[in-house]
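For reference, the structure discussed in these notes is given below.
Bear in mind that the values in this text are calculations on the coordinates, not laboratory data. Please read all numbers here as calculations on a predicted model, not as lab measurements. Ideal geometry is used to build each Cβ from the backbone, glycine not excepted, and the neighbour counts take in all protein chains shown.
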Amino acid sequence: MAKECFTVHDKVFSTRPIITASKILGYDFAMFGFAPYGPYWREIRKITTIELLSNHRIDMLKHIRVSEVKSAIRELYKSWLSKGNGGSGVSVDMKQWFGDLTHNIALRMVGGKRYFGPNADCEEAEARRCDKVMRDFILLFGVFVLSDAIPFLRWLDFLGYEKAMKRTAKELDSIVGGWLEEHKQKRLMCGGVIKEQDFMDVMLNILEDANITGYDADTINKATCLNLVLAGSDTTMVTLTWALSLLLNNPHVLKSAQDELDMHVGKH
């Protein structure tokens, strides 16, 4: 059975189902994370693996991860000083804190944007709108759409999921499209020479000479960058939140972690 699945019929099992969410939210299957197996998926996967997620590229952007963690810890400390008066504890929504941290890291590495905390590139309301749209994206990908099981009932749009998907896709495209236009303008102003390049800059360089059939360069860029932001932020936030909850539910492990921090970082 294993040989049949992974050797003889491996291409059948390696593809993805064609569902409504992938078509509407995934730029008509341009997001490689939801694209069916084929030439397009192989090409984008190769570009992502070699050009965007290589060890060299990740090391080049290490300063972003370091600076965001330092900034988040600094703001947490300031919150403790101001609200806890330096002498007592203060309540912190760690899920929100982890979410802001991981979103800032992913957004800066991919699009060069910082949405949360001090020195953000936008107003708080705009940042929360972006956060809500991304969460809606993940939520809508998990719902059951009746037309995926019974295609001839697509006109019915039971529970209004398709309408919600189209609205979310339009909002996300507006946000990511804005990033892309900013990058293009920056390249024009700098004469095409940019010292510090995020993932969107790299994709612009690659797609200038690439010949990828099926989609235009802007759609591929937006779909790939959005895919990386969504995959790199929410999953990390959930993992960190669960790790913290497990530590709190296992005091002996929490004590070991605190002792290790005291040893390597210090108590003050």
message: From Cα pairs below 8 angstrom and at least 6 apart in sequence, can you work out the relative contact order of the chain, rounded to a whole percent?
response: 25
message: Compute a Gaussian network model of the chain, connecting alpha carbons closer than 10 Å, and tell me which residue from Asn211, Asn221, Asn250 fluctuates the most.
response: Asn250
field: Protection-proxy order for peptides 112-122, 23-33, 37-47, each taking the mean of Cβ atoms within 10 Å per residue, highest first
entry: 23-33, 112-122, 37-47
query: How about the stretch 190-268: which trypsin sites (Lys or Arg not before Pro) there are in a DSSP loop, with at most 13 other Cβ atoms within 10 Å of their Cβ?
result: Lys195, Lys267
query: Could you give me the ³J(HN,Hα) list for the stretch 5-19, computed from phi with Karplus coefficients 6.51, -1.76, 1.60 and θ = phi - 60°, whole Hz, x at Gly and Pro?
result: 6, 9, 10, 6, 10, 5, 5, 5, 7, 8, 7, 10, x, 8, 10
- prompt: Can you pull out the GluC sites (Glu not before Pro) in the stretch 140-218 that DSSP calls coil and that have at most 15 other Cβ atoms within 10 Å?
  reply: Glu196
query: So what's the angle, to the nearest 10 degrees on a 0 to 90 scale, between helix 94-111 and the longest Cα principal axis of the chain?
result: 50
- request: Read through the labelled values (i) -0.71, -0.87, -0.95, -1.13; (ii) -0.77, -1.02, -1.13, -1.32; (iii) -0.61, -0.85, -0.99, -1.26 and report the label of the one computed as log10 I(q)/I(0) by the Debye sum over Cα atoms at q = 0.11, 0.13, 0.14, 0.16 Å⁻¹ from the structure.
  value: (ii)
R0 of 35 Å, Cβ-Cβ distance Glu208-Lys163: FRET efficiency to nearest 0.05: 0.45
FRET E, pair Ser54, Met1, Förster distance 35 Å, beta-carbon r, rounded to 0.05: 0.45
query: Given the Cα-Cα distance of Lys267 and Ala243 and 0.36 nm per residue of separation, how much length would full extension add, in nm?
result: 6.4 nm
task: Take the chain, connect every pair of alpha-carbon atoms lying under 10 Å apart with a spring to form a Gaussian network, then pick out the residue of Leu53, Leu140, Leu248 with the largest mean-square fluctuation.
output: Leu248
